[in-house]
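Contents: one structure, followed by commentary.
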Amino acid sequence: MKFVKRFILFILVVFVVIVSYFIFDGYSLYKEAISQMSVEDRIAEIRNNESFTHISDVPEYYKNAVIAIEDHRFYSHFGVDIVATSRAMLDDIVSLKMKGGGSSITQQVAKNLCFTQEKTLTRKVAELFVVFNLEKNYEKDEILEIYINNMYFGNGYYNIYDASYGYYNKEPKDLTLYEATLLAGVPNAPSVYAPTVSLKLAEERQSQVLDAMVKYNVININEADNIKAMQTTK
C-alpha cells in the first residue's frame, strides 16, 4: 500500500513538472510574439485594412453559419470550448498524433494573429494567453469581427470582403443565404473547399454548415433543403 501511494505521488509530481514546463514554454513563446507586436496593435492593423468589414455589415445568417459550424458555444464559453477541446485531445491521444481541431473561434483568432500554423503543444499553450487577452479586452462580436477579417478563404482572399467580391462580385452585406453558407465553410480547409478548387467539395462542406445551422436552430430544415436544392454538383 505504501509503495502504491508513493508511486501515485511520483506520477503526480511528474505530471505537475511536465505541465509546468509547457506552461512556462508557452508563456515564453507568447511573450516573444507580443514583444514583436502587441495584440492590440495587430488588431488595429487589421481594422485599418481598406477591406475591413464591420460585423454589422455582414448578414445575420452569415454570422450564424460561421458560429454553427466553427464554435456553436462561442457566446457562452470563456474563449475555450472545454467539451470540444477535450474531444479533440482524446482523438489526438487515440491517434497518437496532434491533428488539431476543437479550437474555438477565439483560439483561431489568437493563432492567426500571433503564431504560425505549426501544431505543437507549446504553441497551443501560448495561444491560450492570447485567448485570455482577447476575452478580457474585447466583446464577443469584436472577436468574431476580427475572425472574419483575418481568415483565409482561398484564391488569395484573406478576409470576408475580398472573398465576397472575389467569388461573387458583391459586398458581404449582399450575400445570399446560399453564398453566405458556402463561404462560411471555406476557411476550415481553403485548399480543399474554395469554390475555385472544387465546387463539389465546397458544396459538400456547405451541406455540413447547413446541417449545423439546423441542429442549433438558426434555420429550419426547409430552408436548409432549399439551399441544398440549389447546389449544382449533385
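Might you let me know whether region 138-151 holds any residue that is within 27 Å of Ser20 (Cβ to Cβ), in a helix (DSSP H, G or I) and touching a Leu at 6+ places or on another chain (Cβ under 8 Å)?
Of region 138-151, the ones within 27 Å of Ser20 (Cβ to Cβ) are none.
No: zero hits.
Going through region 187-213 one residue at a time, which ones are of a type in the set (Val, Ile, Thr) and in contact with a Gly (Cβ under 6 Å, 6 or more places away or on another chain)?
Selection gives Val209 alone.
Kindly provide the set of residues from region 167-178 that are touching a residue at least 12 places away in the same chain (Cβ under 8 Å) and either part of a helix (DSSP H, G or I) or surrounded by fewer than 21 Cβ atoms within 10 Å (Cβ to Cβ) (or both), ordered by number.
Scanning region 167-178 gives Tyr167, Glu171, Pro172, Lys173, Leu177, Tyr178.
Among Ala189, Ala184, Ala163, Ala180, which is the only one that is under 23 Å from Arg47 (Cα atoms), of a type in the set (Gly, Ala, Ser) and under 15 Å from the mean Cα position of the chain (by Cα)?
Only one candidate qualifies: Ala184.
Here are Ile43, Ile23, Ile93: which of them is out of contact with any strand residue (DSSP E or B) (no Cβ under 6 Å at 6 or more places or on another chain), at pLDDT 80 or above and β-branched (Val, Ile, Thr)?
Ile43
Name the residues in region 183-194 that are more than 18 Å from Ile105 (Cα to Cα), in contact with a helix residue (DSSP H, G or I) (Cβ under 8 Å, 6 or more places away or on another chain) and free of Cβ contacts under 8 Å to residues at least 40 places away in the same chain, would you?
Val192, Tyr193
Given the condition of a type in the set (S, T, N, Q), closer than 27 Å to Gln231 by Cα and assigned to a helix (DSSP H, G or I), answer yes or no: does some residue in region 122-132 qualify?
Within region 122-132 (the criterion being of a type in the set (S, T, N, Q), closer than 27 Å to Gln231 by Cα and assigned to a helix (DSSP H, G or I)), the answer is no, since none of the residues qualifies.
Return the pairs, sorted by first residue and then second, in which the second residue is among the hydroxyl-bearing types (Ser, Thr, Tyr), the first residue lies in region 200-217 and is farther than 13 Å from Gln231 by Cα, the beta carbons are less than 6 Å apart, and the residues are 6+ apart or on different chains.
So the pair list comes out as Val209/Thr181.
For region 192-213, give me the residue count where each residue is in a helix (DSSP H, G or I), over 20 Å from the mean Cα position of the chain (by Cα) and among the hydrophobic types (A, V, I, L, M, F, W, C).
Result for region 192-213: 1.
Within region 180-201, track down each residue that is crowded, with 22+ Cβ neighbours inside 10 Å and out of contact with any Lys or Arg (no Cβ under 7 Å at 6 or more places or on another chain).
Selection gives Ala180, Thr181, Leu182, Leu183, Ala184, Val186, Pro187, Ala194, Pro195.
What about Tyr147, is it surrounded by fewer than 20 Cβ atoms within 10 Å (Cβ to Cβ) and among the hydroxyl-bearing types (Ser, Thr, Tyr)?
Taking the combined requirement at face value, the residue does not satisfy it.
The values are calculated or read from the model by the stated rules, or taken from the named source; none is laboratory data. Fair warning: this is a prediction, and the values are worked out from it, not measured in the lab. Virtual Cβ from ideal backbone geometry, glycine too; neighbours counted across all protein chains shown.
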